[in-house]
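The structure under discussion appears below in the form of structure tokens.
The values are calculated or read from the model by the stated rules, or taken from the named source; none is laboratory data. Quantities reported herein were computed from a predicted structural model and do not represent experimental measurements. Methodologically, a virtual Cβ is constructed for each residue, glycine included, from the backbone with ideal geometry; neighbour enumeration extends over all protein chains shown. Ligands, DNA and RNA are stripped out before the accessible areas are found, and what is left, the full protein with its side chains, is counted by its heavy atoms. Shrake-Rupley method; radii C 1.70, N 1.55, O 1.52, S 1.80 Å.
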Amino acid sequence: MASGKRWNRDELLIVLNLYEKLPFGQFDQRQKVIQDVAKRLQRTASSLAMKLGNLASLDPVLHARGRKGLPGASELDKEVWTEFQRNRDVLVPESETRIRALFEAGVDDELDVVQGQGVKVRKRTLKMSPDAVTSVPAQVMARRGQQVFRQAVLNAYDSKCCITGLHIRELLVASHILPWSDSVEARLDHRNGLCLNRLHDAAFDQGLITLDEDLRVVVSRSLRSEFAASAVAAQFRDYEGVRIVTPWVELAPDPRYLAHHREHVFVG
């Protein structure tokens with residue numbers, strides 16, 4: 001495998017895709033995701049882990065938390081990092097397109113980056129209506145951005161529902177605190193996400209539950225009135241007042257987004 005060749009822009013977009021999806025503490029050559037991607041790039045896992053560390057040295061969010069990356073970021077690293085951060089709506093989906101191409105994932109195949117397990121591609125074949133053809137590019141871009149967001153949020157929470165601890169990835173949702181359609185700026189912000197199981201995601205989306213300033217579960221009056229039903233009690237009463245499990249501090253939910261949810265979405 002090549003270890004001394006220079007990185008190019010296309011490769012750096014793939015590295016930035018991993019930077020989005022893996023917590024800072026997972027930038028290690030023993031991480032299965034890094035091994036899988038490095039093999040496809042024909043590079044060593046150590047060189048890929050080092051490049052992630054170089055990019056981390058450019059991250060002001062990490063700096064604010066007292067974390068440091070690795071010195072040695074190249075001028076191209078700095079250029080692509082800046083371009084990526086300034087044009088996330090375009091380059092985050094593009095980075096997803098590039099990693100999908102690297103793993104030969106079809107248009108409708110599911111590619112999932114799972115920390116500790118590697119990169120998984122699940123083949124799917126979907127039939128598309130002829131009427132949908134004109135809207136495919138926009139739909140694909142939105143879907144690619146959502147895929148990055150989902151994987152980033154689930155990996156940040158170690159594939160566990162932050163309320164119940166449910167650990168079945170297929171039943172988990174990267175729940176937007178501010179809805180996708182309401183805030184372009186927050187769409188791809190990891191701190192606008194919570195890892196929830198499908199039931200609690202639906203309840204959060206409908207404003208039946210929220211989180212207080214201490215990140216404790218608050219249940220609406222309408223749900224509380226149904227506590228006599230054992231199923232409702234087990235899923236909601238038993239978690240009322242419980243503090244969610246949070247990820248790395250730089251990936252924890254943004255208090256501003258949660259305040260908006262309490263004020264404008266939660267039904268009280």
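Of all residues in segment 140-158, those satisfying the criterion of being within 13 Å of the chain's Cα centre (by Cα), open to solvent by 10 Å² or more (accessible area, probe 1.4 Å) and not charged (D, E, K, R) are Q146, Q147, A156, Y157. W81 meets the conditions (1) modelled with pLDDT of 95 or more; (2) open to solvent by 50 Å² or more (accessible area, probe 1.4 Å) in every case but one. The failed one is (2). For F266, the conditions (1) under 20 Å from the mean Cα position of the chain (by Cα); (2) part of a loop (DSSP other than H, G, I, E, B) all hold with the exception of (1). Inspection of segment 20-38 finds no residue satisfying the criterion of being among the small types (G, A, S), in contact with a helix residue (DSSP H, G or I) (Cβ under 7 Å, 6 or more places away or on another chain), over 17 Å from G145 (Cβ atoms) and surrounded by fewer than 18 Cβ atoms within 10 Å (Cβ to Cβ). For segment 211-231, a residue qualifies if it is surrounded by fewer than 16 Cβ atoms within 10 Å (Cβ to Cβ) and assigned to a helix (DSSP H, G or I), and the qualifying residues are R221, S222, R224, S230, A231.
The single condition among (1) modelled with pLDDT under 95; (2) surrounded by 19 or more Cβ atoms within 10 Å (Cβ to Cβ); (3) small (G, A, S) that A45 does not satisfy is (1). No other residue among V173, V265, V219 is β-branched (V, I, T) and under 30 Å from Q117 (Cα atoms) apart from V173. Taking segment 160-178 as the range and being of a type outside the set (A, V, I, L, M) and farther than 19 Å from V218 by Cβ as the test, the residues that pass are K160, H167, R169, E170.
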